[in-house]
Each structure stands twice: as structure tokens, then as C-alpha cells.
Amino acid sequence: MFQLSKEGLSFVKKELTRYEDKRSAVIPALYRAQEEHGWINDDVIEHLAQVMEIPEAHIFEVATFYTMFNKQPVGKNHVQVCCNISCAMAGGRELLGSMLEKNHVGLDEVTKDGKFSFSKVECLGSCGTAPMMQVNDDYYENLDQKKVDEILRGLK
Amino acid sequence: MEVKILTEHYDKDEYVTLKGYQKNGGYEIIKKALKMKPEEIIQLVKDSGLRGRGGAGFPTGMKWSFLPKNNEPRYLLCNADEGEPGTYKDRLMMERAPHQLIEGMVISAHAVQSKKSYIYIRGEYTYPYKVVEKAIREAYDAGFLGKNILGTGFDHDMDIYRGAGAYICGEETGMISSLEGLKGQPKLKPPFPAVQGYLRKPTIVNNVETLACVTYIVKDGPQVFRKNGTEKSPGTKLFSISGDLQKPGNYEVALGISLMDMIQMAGGLKPGRKLKAVIPGGSSAPVLTAEEAQKAKMDFDSLAAMGTMLGSGAVIVIDDSQCMVDILSVIMSFYHHESCGQCTPCREGTGWLDKVVRGIVSGQGRVQDIDLIETVAKNMMGRTICALSDAAAMPAISFVTKFRDEFEFFVREKKSKVKGDYKIKGLSDAQVHH
């Protein structure tokens, strides 16, 4: 069973009173739970529903609507490669393909050591510095094969 | 040819801090504005002809005047959900000048008499989120936010809210749904948000750049604002220029500039390449051919007259090394992914467009598919709650009509006219176009 940490719990309680309507706290709560658990599953939703006194169905529909909530486990480094127009034109998809090959892993899957997962992502607003990728919260821009190899090698 | 008004101080690192912003003239206009009557500010904004910088180009002063004339609480909502593919100007503004946005918001909030505002920022913008959040705290500490701002008796609270990765939340009623803690599904209009918005209270939704402009209009007056731009598209605007160029980036220019001058400003094309097409206003805007691009002027009405749109100011330049069928497949897969699913023509239509274009690009296209794309797209227009359906249909129609030869070639030869039998290593066809 998933349970929020003590700090996580007090964060969520605070968010419940931060906005005009307590349902607005669902997205921040899901973010917090994801930080602690890595992804959102039924356990997480059940726990948040109890803590927040909001129906599970409501939390479920929000969690599944928004792309940033992972509905399956991700690697310690969740690498999201932009494959939208400007990045695709600049070779973003080719970089993603090479990452999958080099790490012997499929799209949206986690490497055996748990270190990486690779996904396609829609435009992240770095079109002038294409191609780009996001690793967890951080943006990496103006990529090429050499730079990608270096970045991934440098990640723990 | 750059006209740096909003971006004048963006190269200074100190501008991001409250002190640095003040050192460069920041938080001076708020003092003047809060002493003015709200209707005076609204009149200035109306006279300036400012049009929304987020995509639709709706006159800001007019939007504000739709608010009910009573004392009902109302909200100001800053649209920082920048998600239109090709657009990255609001990110720059928030990263380099968060206080410019806050000052513009407090002045605008006073104009519309709102005591509470939210900045709705897309979830992926973690860094700008932190920058703006810190700036809000600084502004509270300095007395530019909170109770009785600068002793004028005006109270205003501001908060920032993160989205979680949904393009549709950039649509103003989708954004309101999301801020309410719901799925980001747009709502039927009317009632418009100015009458019934966030929690059914009157709500004004404005883009980051729009709100930042308000400070300058109050500072210099509408006439100075109108010195740049055209009669119907006054002012300067930030353009996010990307694609096959030598110096892509954000450029602030006077509206009405010629597209070819803009391409030159961004370093021009790469050596040996020829211009093929330009998407002038983000992925939703109908594409222009190279020939049309020669004549294009970058303002709301000139582009509308050419059957396309200025949109969010995202200019994507495409040279002769690119395959138009491939690019359309990227765009269609995007809209299919981002359709919120509540209206049938959009949910089904984006799926069909994606499927048919994907079929062509993976070598399984039929001759009739090209017309099918057009028929499906035309049936998606004007039939849904929000504009996403039209936004998917417009590029589809323009690509297949203006670059029909590339689609016909792909269907006939089962390979790209430009790239030949090109495959992306490491990704299956299904994954490339997923």
C-alpha cells in the first residue's frame, strides 16, 4: 500500500486549503505522490482519495487525463525526447531511436537496471534550440548524438 | 529590425530579480497605474488597439469590457500554458523577466478590479515556474502584492498553478476547468469566461505577453504603443522562429514586418538550401508555400487575408530537405494525442487524420486517401466546443492542397519524394508515428 510521507501528507493538507476549491489540490497532490512513488497506480489514487476526501473516480480521471502523470513505472532518469515539428525536422526522432538501441530497451520501457526510460514527448517549448529532451525536470537543448551520449553517461 | 521594447533588458541577468528589475525602471508604472481609475486604464488599453498575444488576437480592452458591471468578485488568469508547437516566447519572458509579468498583472488586475489572480503555467516549465514563484514572493515582500498595495487601498493576491501536460489547457475554458481541478476539457461558450469563468465567477484570461504589454501602454500612452505595428495590429510582438535557419530564436519586431525580412533576421536559410514552406503561426496555422511566403506580412489581418493566421507568433521555416508528408504526420499525431475527447468530430476526426496520414507515410496509402484527408478535415471545422478540431483540420487541408505532389508521389512510389526510402533507426513505423 502506498502512503505519503509525513512531509508529503502535510503538503497535501496545505494544498487543500490553498485554492478557492479543494479539488484544485488534486493536481499538486498527484505531483507530490509521483515524486514519492515514481508513478501513479490504483494504490496511490486510493490513498489520495482517503487523505483528501475526494472520490477516487475524480482523482483517477484527472490522473489519466494529464500526460505528465506516469501511468506506468519510469526509470530513475525519465528521458523524454521531443518529436514535434521543429525537433523532428532537426533529428529528434533519430536521437530517440539511437537511445533505445544503445540502451537495449523499448519505447516507454525501463532499462533492466532501472536507470533509464525513454519516451516521445510533444512540444516542450524549446523549438529554437531543437532538438531537445527533458530528463526528469531538466531541459537539454541543441542536442546532437555526441552531446546525448555525454549527457546520458553523466547521469547517475 | 528588432524593436526591443518588452525585451529591452532581457540580456541582463539582474533583470530577473526584484532589485535588478527596479534598477532598470521596473515597478514605476504600477505607482502611476494604481492611482488611476480602472476605467481609465481600460480606455488606454482599448485606444492602444492591443490584441491578445496568445493566438486568437482578440482585442484585450474589449475582452475586459465584457465583465459585468457590478461588485461580484472576479479573477484574472494569466495563460502561461504555452503549448502551441513552435512557440517558446512566454518561457523566455518568464525566465528573464518575471517581475515584468507581475507588474503587468497587478496593473491589469486593478483595471478589471480583481483581487485574485492565478498564473497557469504548463507543467513541463519547471524552471520558469521556480523563477516566477520566487518573483511572486519577492513582490509580496516588497509590497507590490498583498493588502493595500503601495498605500492605494488596492488588495491583490497572486498565485501560480502548474498544469500537467495537456495542450488543450491553453484554451481558456479548458484552462479554467483544469484550474478547478478537473480534466482540462473546454466548456461551451456562451457564457464567456468574462461572465462565468473560474468557479462560475467572472474571469479574464490573458496571455503572458499581453499582460506584459499593459504596463508599457500605461507608461507611454496608446499613441506611442501604436508607433510600431499596423493600424489593426499595433505594437511589437515576440516571434518564436524555428526550423531550418541559421539563427533561430525569439525576436521582438513591429507587427507587419515582412516574413522574408524575419527569415533574414534569423540568419537566413542554411547554405545551399531553398525555402519550401513556412508555418507562420504555430502548428495550427495553414502552411504557406515559398511563393506565398515572399509576399507575407506578419500581422493578424495580412495573414488572415492569405488564409492563414498569426496565431501565437511561432514561425517554423521549412527548407527543401524536408518531406511535407512526414511533417504533416507529426502534426496529425500531435492533435490526435491532444484532443480532449469530448466532441465526436474532433475525437474521431483527429484519429482518422492521424491514421490516414500515417498510412501514406508508412507506404500503405491509397490514391483516394489524399481526398479523404481533405473531406475528413472539412467535416471537423466549426462543429466543436473549442478550436482544437479546426486547428487540426487547417494544417491538414493546407498541406494536402499546397503540396499535393508530395502526397501523390508517396502514395504512388511508397517513398518520400524528398527523402526517398528513409527509415528512422531504432524506431518502428508505428513508434515514429505514434
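Rule-based calculations on the coordinates, nothing more; no lab input. Keep in mind the model is a prediction, meaning the values are calculated, not measured. Note: ideal-geometry Cβ built from the backbone for every residue, glycine included; neighbour counts use all protein chains shown.
At a glance:
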{"quantity": "Subset of A:LYS14/B:LYS189; B:LYS35/B:LYS89; B:LYS89/B:LYS378; B:LYS297/B:LYS378; A:LYS71/B:LYS189; B:LYS355/B:LYS402 violating a 22 Å alpha-carbon distance limit", "calculated": "A:LYS14/B:LYS189; B:LYS35/B:LYS89; B:LYS89/B:LYS378; B:LYS297/B:LYS378; A:LYS71/B:LYS189"}
{"quantity": "Inter-centroid distance (Cα atoms) of the range B:13-89 relative to the range A:67-116, Å", "calculated": "38"}
{"quantity": "Residues whose placed amide H lies under 5 Å from that of B:GLY235, excluding near-sequence neighbours", "calculated": "B:ASN228, B:GLY229, B:THR230, B:LEU255"}
{"quantity": "Estimated Rh, the protein assembly as shown: Kirkwood, alpha-carbon pairs, angstrom", "calculated": "24.6"}
{"quantity": "Cα Rg, Dmax, the range A:6-65, angstrom units", "calculated": "10.2, 29"}
{"quantity": "Selected from B:PRO193, B:PRO68, B:PRO248 as most flexible by GNM, with chain B as the system and alpha-carbon contacts under 10 Å", "calculated": "B:PRO68"}
{"quantity": "Helix axis angle, A:56-65 relative to chain A longest principal axis, alpha carbon, degrees", "calculated": "20"}
{"quantity": "At least 24 Å along the helix axis (C-alpha) and Kyte average at least -1.0, DSSP helices within chain B", "calculated": "B:344-361"}
{"quantity": "Other-chain or far-sequence residues with amide H under 5 Å of B:VAL205's (modelled H)", "calculated": "B:LEU77"}
{"quantity": "The range B:193-339: C-alpha pair distances exceeding 28 Å, %", "calculated": "29"}
{"quantity": "Paramagnetic label zone (point 7 Å from Cα along Cα-to-C-beta, B:GLN294; backbone N under 13 Å) in the range B:244-278", "calculated": "B:260, B:275-276"}
{"quantity": "Footprinting exposure proxy for B:TRP64, A:TRP39 (fewest neighbouring C-beta atoms within 10 Å first)", "calculated": "A:TRP39, B:TRP64"}
{"quantity": "Cysteines without a disulfide-compatible partner [chain A; Cβ-Cβ under 4.7 Å]", "calculated": "A:CYS83, A:CYS123, A:CYS127"}
{"quantity": "Percentage, to the nearest whole number, of Cα pairs in chain B over 40 Å apart", "calculated": "19"}
{"quantity": "Rg/Rh ratio calculated on Cα atoms of the range B:324-432 (Kirkwood radius)", "calculated": "0.97"}
{"quantity": "B:ILE241, B:ILE42, A:ILE59 arranged by Cβ crowding within 10 Å, fewest neighbours leading", "calculated": "B:ILE42, A:ILE59, B:ILE241"}
{"quantity": "Exposure proxy order (Cβ contacts within 10 Å, fewest to most) of B:MET260, B:MET94, B:MET62, B:MET324", "calculated": "B:MET62, B:MET260, B:MET324, B:MET94"}
{"quantity": "Amide H within-cut-off set for A:VAL121, under 5 Å, with H built and near neighbours excluded", "calculated": "A:VAL81, A:CYS82, A:CYS83"}
{"quantity": "Cα pair distances of chain A binned at 5 Å [whole percent]", "calculated": "1, 9, 18, 17, 15, 12, 12, 9, 5, 1"}
{"quantity": "Rounded tilt (10° steps) of A:145-154 against the dominant C-alpha axis of chain A", "calculated": "50"}
{"quantity": "Structure-based [θ]222 nm, chain B - -39500 (n - 2.57) summed over DSSP H runs of at least 4, per residue, nearest 500", "calculated": "-12500 deg cm²/dmol"}
